[in-house]
Amino acid sequence: MKLLVLLALTAVVLADLCPRNKKGGLHKGPRKFVDGAKSAVRVAGTALFTVSCSALSNNIESVVFGGNCAHLTEQAMCYGYTMKKKYEKQTGPVSYGQLAGDMDGVRDMGNLACGHARACYDQIAAAVKSCMDGNSNFVEQTLEAAELMYSLTYKSEVQKIVDSSSEPLFKELANLVMDNFNSAADIEAALNSFFSKENQSEIVTDAEFARKQFITIAQGFCDDGCFDKSAAFFEPLFTAMDAGQCTVASEFCGPCKENAANFLDGNQNVVMPCCLKKVAETGFRAYNRVEEKYRSIIDRFDADLSEQLSDEANYRIKGIVNELKEQSACIKEVYDANKPECA
């Protein structure tokens with residue numbers, strides 16, 4: 001066991017998702033991408049925190065990109081750059097074969113997160129806590145700054161994106177949101193109209209339970225080396241699915257389901273890892289719990305939204321929901337038939 005842990009830690013240290021030159025620096029492409037991200041964070045930090053927390057505003061880059069976050073954020077941005085370059089010019093649908101080819105990167109990024117995410121989170125959380133301790137109005141002032149930044153900088157750009165969209169449903173939903181939510185107060189008023197104080201208290205309690213459960217599951221996932229095990233499971237599965245009439249990764253029912261079932265049936269060499277099954281089962285239970293507890297509120301929200309949308313948009317939403325239910329049922333059927341027996 002100690003040897004396995006040592007090997008896993010070594011893999012985290014050696015993993016490098018950044019294209020580098022002979023001197024060890026980033027190539028021009030990823031360097032420009034990383035510099036652009038850092039510049040955007042500096043601008044946002046200045047706009048958001050100058051009034052509410054000048055210390056965070058002045059040190060936002062070192063908080064987000066330095067110290068315990070340095071390696072993780074650089075690697076994450078390099079991974080984002082690589083995926084952007086791979087898919088930005090693709091006009092057709094993504095295939096399962098392409099997803100299979102992405103598994104190594106997902107595995108490496110996951111292992112890096114296991115090794116660095118908690119320390120990075122603690123670093124950022126400590127900086128925010130310091131702001132809150134030093135300014136009782138930190139949250140309110142930051143929200144006011146965010147509203148101003150959005151209205152002055154981003155609202156017109158978002159409207160251009162909405163207006164240029166060829167998807168009627170997206171345009172309707174986006175315009176509905178932009179017309180009704182222009183401030184934190186608007187959002188608060190909408191939440192209060194749907195959730196009683198008792199509901200809100202329950203949601204806060206449930207959210208805190210979910211947060212703690214997520215941390216526990218994520219830590220177990222990392223401790224079990226589950227990114228490696230999951231990649232070793234999905235890569236051959238996706239490769240096997242990428243055949244015949246299974247050409248689109250957004251679909252599972254039909255030929256893709258048949259390919260997956262045929263590949264997994266009786267296959268002793270490729271079996272779903274128990275650590276992945278644990279995550280899946282937890283997800284199913286959480287979904288069922290939310291569905292049962294908040295069904296009446298969800299129905300009320302759906303009815304209110306439906307009244308504000310056109311018949312065309314409502315028809316489109318119904319089609320999307322039905323498609324998601326169908327695809328989910330197909331995935332669940334293959335999952336139930338092939339899930340492992342675990343202790």
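The values are calculated or read from the model by the stated rules, or taken from the named source; none is laboratory data. Bear in mind that the values here come from a model prediction, so they are computed numbers and not experimental data. Cβ sites come from the backbone with ideal geometry, for glycine too, and all protein chains shown count toward neighbours. Calculation scope for accessible area: heavy atoms of the full protein, side chains included, ligands and nucleic acids excluded. Shrake-Rupley method; radii C 1.70, N 1.55, O 1.52, S 1.80 Å.
Details
- Filter result for Ala329 (at pLDDT 95 or above, of a type in the set (Gly, Ala, Ser), farther than 30 Å from Ser201 by Cβ and open to solvent by less than 50 Å² (accessible area, probe 1.4 Å)): no
- Meets criteria (open to solvent by 60 Å² or more (accessible area, probe 1.4 Å), within 23 Å of the chain's Cα centre (by Cα) and of a type in the set (Asp, Glu)) for Glu235: yes
- Tallying residues that are in contact with a helix residue (DSSP H, G or I) (Cβ under 6 Å, 6 or more places away or on another chain), open to solvent by 30 Å² or more (accessible area, probe 1.4 Å), touching a residue at least 40 places away in the same chain (Cβ under 8 Å) and not acidic (Asp, Glu) within the stretch 239-271 yields 3.
- For the stretch 87-110, a residue qualifies if it is over 15 Å from Glu235 (Cβ atoms) and either open to solvent by less than 30 Å² (accessible area, probe 1.4 Å) or among the β-branched types (Val, Ile, Thr) (or both), and the qualifying residues are Thr91, Val94.
- Check on Cys53, over 19 Å from the mean Cα position of the chain (by Cα), open to solvent by less than 30 Å² (accessible area, probe 1.4 Å) and at pLDDT below 90: no
- The helices (runs of 4 or more DSSP H) located wholly in the stretch 114-182 that include 1 or more residues which are open to solvent by less than 70 Å² (accessible area, probe 1.4 Å) and touching a Leu at 6+ places or on another chain (Cβ under 8 Å) occupy 138-149, 168-180.
- Selection of first residues in the stretch 49-69 that are within 19 Å of Val34 (Cα to Cα) and of second residues that are in a helix (DSSP H, G or I) and of a type in the set (Asp, Glu), restricted to Cβ pairs under 9 Å at least 6 apart or on distinct chains, gives the following pairs, ordered by first then second residue: Phe65/Glu74; Asn68/Asp122.
- Matching entry among Phe238, Phe234, Phe301, Phe263 (being over 30 Å from Gly105 (Cβ atoms) and of a type in the set (A, V, I, L, M, F, W, C)): Phe301
- Pairs, first on the phi < 0 side of the Ramachandran plot and touching a residue at least 12 places away in the same chain (Cβ under 8 Å) in the stretch 305-320, second of a type in the set (Asp, Glu) and assigned to a helix (DSSP H, G or I), C-beta under 7 Å, six or more apart: Leu309/Glu172; Ser310/Glu172; Ala313/Glu172
- Matching residues in the stretch 319-343 - criterion: being in a helix (DSSP H, G or I) and aliphatic (A, V, I, L, M): Ile320, Val321, Leu324, Ala329, Ile331, Val334, Ala337
- Meets criteria (closer than 30 Å to Gly92 by Cβ, at pLDDT 95 or above and aromatic (Phe, Trp, Tyr)) for Phe170: no
- Contacts under 7 angstrom Cβ, first residue in the stretch 165-180 being among the polar types (S, T, N, Q), partner open to solvent by 40 Å² or more (accessible area, probe 1.4 Å), 6 or more apart: Ser165/Lys171; Asn180/Asp186
- Checking Ser201 against (1) more than 27 Å from Tyr150 (Cα to Cα); (2) of a type in the set (Gly, Ala, Ser); (3) at pLDDT below 90, the condition it does not meet: (3)
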